[in-house]
1. Which order, highest average first, do 15-21, 204-210 follow once you tally other Cβ atoms within 10 Å for each residue and take the mean per peptide?
2. Only helical DSSP H runs with n ≥ 4 go in: add -39500 (n - 2.57) per run for the chain, normalise by residue count and round the 222 nm mean residue ellipticity to 500 deg cm²/dmol.
3. Given the options 231, 24, 14, which has the most mean-square fluctuation in a GNM of the chain, springs set between C-alpha atoms less than 10 angstrom apart?
4. Report the residue, chosen from 211, 49, 144, that carries the largest GNM mean-square fluctuation when the chain is represented by alpha-carbon nodes joined by springs under 10 Å.
5. Post the alpha-carbon centroid distance, segment 1-65 to segment 231-262, in whole angstrom.
6. For the pair residue 192 and residue 34, what calculated FRET efficiency results from E = 1/(1 + (r/R0)^6), where r is the Cβ-Cβ distance and R0 = 41 Å, to the nearest 0.05?
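Nothing in this text is a laboratory measurement; each read-out follows from the coordinates by a stated rule. In this text, all values refer to a predicted model and were calculated from it rather than measured experimentally. Cβ sites come from the backbone with ideal geometry, for glycine too, and all protein chains shown count toward neighbours.
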Ligand SMILES: C[S@@+](CC[C@H](N)C(=O)[O-])C[C@H]1O[C@@H](n2cnc3c(N)ncnc32)[C@H](O)[C@@H]1O
């Protein structure tokens, strides 16, 4: 089969996006993901039998809902090439909004903890942008921490990793606490489409807010005066998160919009005195 035919078949017969089909074909051929121009230049080349078999298997798994990043093993986040697999959430581009906001508050030598680090995406992006900062990353999943630690090592970023339950047992105080915690309600019908990702990374109680309640309650003694707590949350949770932050004594409670213009992150400042 020719390259051009293989791509067309994946799109028409399996309903794949053309970009996904191209990236899976590059992966099957052992070529880098940025090499899409190579596919165009070689569209009449024939695939060898092994590459064709690999491609067929990968495109079937993609059509069945496996995240593209799990199939290629790679995800770019904030300019970093992360390795990801089914042990961690596939980092979403919208989470870069949280990183942008965190960087507004993280001074060059400041301290920050990333709660529920997963692949390490947020912590590694912050450490990459603030090489002198003290960056700690926590997760309750040893499997996720193994992925994050391997990413840190490969990227040469000196994040400190801790296995733990949110802020429990952490020394602090930190200048900044950031988290993209699980925030989907246990009975949310959309969970069906996310079945390939770890449940611990997705759901948090009947209304999806259990983890955020715990983090907001634990945060004040772990923050320096004037420090910030910044949280990613669901598309319809901004008002509830504002209420939790205000009730806990945070000031300047506000939100940031994601790439689609939805209030996706909320946070507040622990009062200076
Ligand atoms: C939505 S994922 C976020 C992963 C990563 N920060 C990102 O943005 O791609 C939530 C993470 O929280 C972790 N987690 C769940 N419960 C936890 C707990 N009690 N303490 C610490 N981490 C927890 C999960 O293992 C998962 O890695």
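1. Values: 15-21: 15.1, 204-210: 17.7.
My ranking of the peptides, most packed first, is 204-210, 15-21.
2. Values: 10 runs with 101 residues, N = 273.
It lands at -11000 deg cm²/dmol.
3. Of 231, 24, 14, the Gaussian network model singles out 14 as fluctuating most.
4. 49
5. Cα centroid of segment 1-65 versus Cα centroid of segment 231-262: 41 Å apart.
6. Working: r = 33 Å, r/R0 = 0.80.
FRET efficiency, residue 34 to residue 192: 0.80.
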